[in-house]
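Derivation of every value follows stated rules applied to the coordinates shown; laboratory data play no part. In this text, all values refer to a predicted model and were calculated from it rather than measured experimentally. Neighbour counts are summed over all protein chains in view; Cβ atoms, including those assigned to glycine, are modelled from backbone coordinates with ideal geometry.
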Amino acid sequence: MIKIFLVEDEVIIRNGIKNSIDWEKEGYEFVGEASDGELAYPLIKKVKPDILITDIKMPFMDGLELSEIIKKENPSIKIIILSGYDEFAYAKKAIGIGVTNYLLKPIAADKLMSAINDVAAIIRRERKEQELMHQYSQEMQENTEHEKFQFFNMLVSGSLSMTEIIEKGSALGMDLSAAFYTIMLFKFLNPQEDGYSEEMQKTFAEMGRRIQEREGVITFGRGIDGWAFLFSADSREELERAVEEFRCSIKTEMSALLNVEYYGALAEPVTRLRELKRCFREADSVFASRFFNQPNQIVRKSDVERMHSEDQVELKGFGNMEQNRTLIDKFLRGGARKDVEGFVKAYFEVIPEDNLRSMMMRQYIMMDIYVRVNSFGGTLDIEKEELKKQCGDIKAVKDNVMNLDNAKAYVADLLDRMIVLRDTVSQKKYSGMIDDAKEYILNNYMKEDISLNSAAGSVNLSPSYFSSIFSQEMGKTFVEYLTEVRMDKAKELLMCSSMKSAEIGYEIGYKDAHYFSYIFKKTQKCTPKEYRTRGKAAE
């Protein structure tokens, strides 16, 4: 119910207004009264009325002063001024403050009620618009996350000026002003990105929600690469404390989940936004250590160096090669081209120098990698001739075994070529998946409960992974595509049927006629009625 508060210094008039109207029957809640603005102010702040009815001439604090203060604190409140002074100056000042109505006393109860009803109609319309805007913003959340993802990429690439960083960040609701910054990269480690069970999808979705709801950190979804967290603070101590609290809370929450592994990488703090490019490179380099280190930890560069130093044991003959083969297989399954350089560097660092000095050992290591890469390629849907063309002849191993630098370059090139082949195969698979998703949308766009989650489930992908792939392949988000399909069908029905606008909205999946009109106008720049009229006029 719409709440009413009354301020009037003349007790007879105040009681007359309060008692002459059956507020509840009229659909209102009378929440309070006061004899002047000074007494009214704290009460109004407490009960938060929708409509304030106030006399203009009162002791201690008059109606205009009260209205000005309340309007600044609560711009949405509607104010009706009552005055026995028919002076233009008062009306002019009232309009400037934002008073909704200005009535002269004495006023009959029915006329006051009529004025209140007019104001209430405005409030209800604004509430409906706010509800529609809230619903729209929720549905467009995927678009917002996509915009944040693009902004993060620009931020860490160094392609934005300070002015652009501040403006774009502000547009996305981010306060980026601080003295210290750092970046953490985080990802759930799963055997295959496209092999989620329904239970696992729910687990990832719940963890993602918890992570993104944390205060004091800006979260950027990175699709298949997990998340990036941007921390900022006014002192290094404050930043380190926030990061450590975050690390501990993540570990606590993740420990409660069975069969879910994760890995995080943290960069050293920087003092400028433009230095986030360097900060991200460090975090990304540390993130590549996930192929070598145990899961379920969040590490810094110093942690990785310490672990490698502790774990490096002298090889005896070829005894440790099975572990190295596992690393190669793991990287080929989950690595990216940008990770190749860091992976190769780390791979050779864990092999004792004595073994690398031996040309025979280098040749064995390279031959083993060559076999593992070819074996992995055999698991993909690749023609043998294409596989041989990309991996080259085994003789190339001998040509590059003479020195360590050549050996590293050869291995890096071999891994890069196989990842390109893997991604090409995946791309074909993605095309089929996108076709299936589009068919699902075309068959279900008219259902109110169709969502990113249901579309992702239809092709057995997690929502975040599906969103990333869909946006990449289609050049638009799932929500944008769904809305486009619905609007195309709406325009067809507007021009080729006699259905009413509300019926058309219901037909294409919008059970709220007001929301359908809101979306149509938002996307088509005209109302459904205007679109139909223009089309008929063109004929």
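Numbers for the structure displayed
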{"item": "Amide H contacts of GLY32 (H built 1.01 Å from N, under 5 Å, at least 5 apart or other chain)", "result": "LEU6"}
{"item": "Compactness index (Cα Rg / 2.2 N^0.38 Å), segment 312-429", "result": "1.04"}
{"item": "Approximate spin-label separation HIS134-LYS72, in nm, with each point projected 7 Å along Cα-to-Cβ", "result": "2.8 nm"}
{"item": "Share of alpha-carbon pairs per 5 Å distance bin for segment 362-520, given as whole %", "result": "2, 8, 14, 13, 10, 9, 8, 7, 7, 6, 5, 5, 3, 3, 1, 0, 0"}
{"item": "Point-charge dipole on Cβ atoms (K/R +1, D/E -1) for the chain, about Cα centre, debye to 20", "result": "1040 debye"}
{"item": "Under the span-like rule (Cα at least 18 Å along the axis, Kyte-Doolittle mean at least -1.0), DSSP H helices of the chain", "result": "109-139, 141-157, 236-255, 321-334, 359-378, 404-444, 478-496"}
{"item": "Least to most buried among PHE60, PHE246, PHE520, PHE180 (fewest other Cβ within 10 Å first)", "result": "PHE60, PHE180, PHE246, PHE520"}
{"item": "Contour excess over end-to-end distance, with Cα ends at PHE60 and GLU439 and 0.36 nm allotted per residue", "result": "129.5 nm"}
{"item": "Distance histogram for segment 55-187 (every C-alpha pair counted, 10 angstrom bins, percent rounded to whole numbers)", "result": "10, 25, 20, 16, 17, 10, 3"}
{"item": "Cβ-derived FRET efficiency at R0 51 Å, CYS526 paired with GLU268, nearest 0.05", "result": "0.45"}
{"item": "Whole-angstrom Cα spans of segment 339-402 along principal axes, big to small", "result": "39, 26, 16"}
{"item": "Positive-end residue, segment 445-538 charge dipole about Cα centroid, Cβ charges, pick of GLY509, THR533, ALA490", "result": "THR533"}
{"item": "Selection from PHE478, ASN406, TYR440 lying farthest towards where the dipole of segment 406-482 points positive, charges on Cβ", "result": "ASN406"}
{"item": "Alpha-carbon centroid distance for the pair segment 471-491 / segment 288-309, whole angstrom", "result": "42 Å"}
{"item": "Mean ellipticity per residue at 222 nm, deg cm²/dmol - from DSSP H runs of n ≥ 4 across the chain, formula -39500 (n - 2.57)", "result": "-19500 deg cm²/dmol"}
{"item": "Rough spin-label spacing in nm, given labels placed 7 Å along Cα→Cβ, for ASP413 and ASP234", "result": "5.6 nm"}
{"item": "Nonlocal amide H pairs with ARG300, under 5 Å, H built at 1.01 Å", "result": "LEU266"}
{"item": "Simple label model, 7 Å out from Cα along Cβ direction - ARG125 to LYS45, nm", "result": "3.3 nm"}
{"item": "Residue exposure sequence - PHE348, PHE376 - by fewest surrounding Cβ within 10 Å", "result": "PHE348, PHE376"}
{"item": "Segment 456-537 pair-distance distribution - Cα-Cα, 5 Å bins, rounded %", "result": "3, 15, 22, 20, 12, 12, 9, 5, 1, 0"}
{"item": "At R0 = 51 Å, FRET efficiency that the Cβ-Cβ distance of GLU353 and GLU253 yields, to 0.05", "result": "0.80"}
{"item": "Alpha-carbon centroids, segment 330-397 and segment 1-71: separation in whole Å", "result": "79 Å"}
{"item": "Footprinting exposure proxy for LYS447, LYS438 (fewest neighbouring C-beta atoms within 10 Å first)", "result": "LYS447, LYS438"}
{"item": "Highest to lowest packing among 158-169, 409-420, 271-282, scored as the average C-beta count within 10 Å", "result": "409-420, 271-282, 158-169"}
{"item": "Ratio Rg/Rh [Cα only; Rh per Kirkwood] for the chain", "result": "1.13"}
{"item": "Flagged links, alpha-carbon separation over 28 Å, of LYS48/LYS511; LYS277/LYS429; LYS168/LYS251; LYS3/LYS57", "result": "LYS48/LYS511; LYS277/LYS429; LYS168/LYS251"}
